Amino acid sequence: MLKKTYEICSVIFIGMGNKYKKEKTDKRIPTPTYYRLDLQNLLPEVDRIIYMDGDTMVFEDLSPLMSLDMKGNYYLGFLDSVPDAIKSFGIKDAIVINAGVLLIDLNALRINNITEKFNIFMEENRDNIPQHDQIIINVVCQDHISTLPIKYGIWGFESKVYLLEHNKKQRPFLKYNEKELIEAYQHPAIIHWVWPKPFWRNRRTVFYDKWWGYAKISGYYNDIYNKSPKPSRLLMEIMKRYIY
């Protein structure tokens, strides 16, 4: 199975030089987070792409996403936990998606010269972008973003309690259907571990065993395990309040 997977996949490294070095970063989010803003230029022959952060796992065939009707939107993603994140830019009652899993229409970004709009926004707001490139995408493309089907990019909530709390934070007209949300949580196509991470050795993390199962066959299990932190209970409680 692994041999077959390798035969149809390839890894390509692209040097980015000093691009985005001026943009805001912090200890958790380094410069490379901004690279997804340049995918339309880095992949000029590609019209559509599924973007996923490294803290994700795929459980189903994703080919249906490549033919999904995006209805004129540039980005589709999972609703973020901070729907007021772009309120300071004069945008109210907005769709705010998380940038960790995205279906992106690269061709539409090129046609509408979104790269230049991103650059102008960063130049004008460099000191006021709290969520980094995620804010940039949500503000600049506000009229052209929407939600993915729930099972693509659902977060790895620690329990159903936090799953439903996340939904309560959304706009009344944007809330997920609760039954469909729970079904997607139990049977995801893509899961995104925003918090907590399975590699923190937190056994309460959803699909924890599956993640470590793949780690064991990766050939790097010992390195991963020895470097994986085990957060304190206090830190976990603080971050739960922030994320959920």
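May I ask you to list the residues in the range 174-190 that are assigned to a helix (DSSP H, G or I), crowded, with 20+ Cβ neighbours inside 10 Å and not hydrophobic (A, V, I, L, M, F, W, C)?
Listed by number, the list holds a single entry, Y185.
Take the range 127-173 and flag every residue that is part of a loop (DSSP other than H, G, I, E, B) and more than 19 Å from D84 (Cα to Cα).
L148, P149, I150, K151, G156, F157, E158, S159, listed by residue number.
Among the listed residues D61, D55, D38, D47, which satisfies the condition of being touching a strand residue (DSSP E or B) at 6+ places or on another chain (Cβ under 7 Å) and acidic (D, E)?
D55
What are the residues in the range 78-94 that are part of a loop (DSSP other than H, G, I, E, B) and more than 14 Å from the chain's Cα centre (by Cα), if any?
Of everything in the range 78-94, those that are part of a loop (DSSP other than H, G, I, E, B) and more than 14 Å from the chain's Cα centre (by Cα) turn out to be P83, D84, A85, I86, G90, I91, K92, D93, A94.
Find all pairs meeting these conditions: Cβ atoms under 8 angstrom apart; at least six residues apart or on different chains; first residue within the range 204-230 and without any contact (Cβ under 8 Å) to a residue 12 or more places away in the chain and of a type outside the set (F, W, Y); second residue surrounded by 11 or more Cβ atoms within 10 Å (Cβ to Cβ) and in a helix (DSSP H, G or I).
S218/I224
Any residue at all in the range 151-158 that's of a type in the set (K, R) and either surrounded by 14 or more Cβ atoms within 10 Å (Cβ to Cβ) or under 28 Å from I49 (Cα atoms) (or both)?
yes
Just to check your reading of the model, which residue among I50, I29 is closer than 29 Å to L163 by Cα and either at pLDDT 95 or above or in a helix (DSSP H, G or I) (or both)?
I50
Which of the following residues is surrounded by 14 or more Cβ atoms within 10 Å (Cβ to Cβ), in contact (Cβ under 8 Å) with a residue 60 or more places away in the chain and in contact with a Ser or Thr (Cβ under 7 Å, 6 or more places away or on another chain): T56, T33, T25?
Of the residues listed, the single one that is surrounded by 14 or more Cβ atoms within 10 Å (Cβ to Cβ), in contact (Cβ under 8 Å) with a residue 60 or more places away in the chain and in contact with a Ser or Thr (Cβ under 7 Å, 6 or more places away or on another chain) is T25.
Would you check which residues across the range 148-166 are aromatic (F, W, Y) and closer than 26 Å to K71 by Cα and list them?
The answer is Y152, W155.
Given (1) over 21 Å from H192 (Cβ atoms); (2) in a loop (DSSP other than H, G, I, E, B), identify the lone condition not met by E123.
(2)
How many residues does the range 191-208 contain that are touching a Ser or Thr at 6+ places or on another chain (Cβ under 6 Å), buried (at least 20 other Cβ atoms within 10 Å of the Cβ) and not in a loop (DSSP other than H, G, I, E, B)?
Residues meeting the conditions: 2.
Give the residues of the range 200-219 that are touching a Phe, Trp or Tyr at 6+ places or on another chain (Cβ under 7 Å) and more than 24 Å from E165 (Cβ to Cβ), sorted by residue number.
A215
Filter the range 168-184 down to the residues that are of a type in the set (D, E, K, R) and touching a residue at least 40 places away in the same chain (Cβ under 8 Å) and list them by number.
Once the filter is applied, which keeps residues that are of a type in the set (D, E, K, R) and touching a residue at least 40 places away in the same chain (Cβ under 8 Å), the range 168-184 yields K169, R171.
The values are calculated or read from the model by the stated rules, or taken from the named source; none is laboratory data. Everything quoted here is computed from the prediction, not taken from an experiment. So basically every Cβ, Gly included, is an ideal-geometry build from the backbone, and we count neighbours across all protein chains shown.
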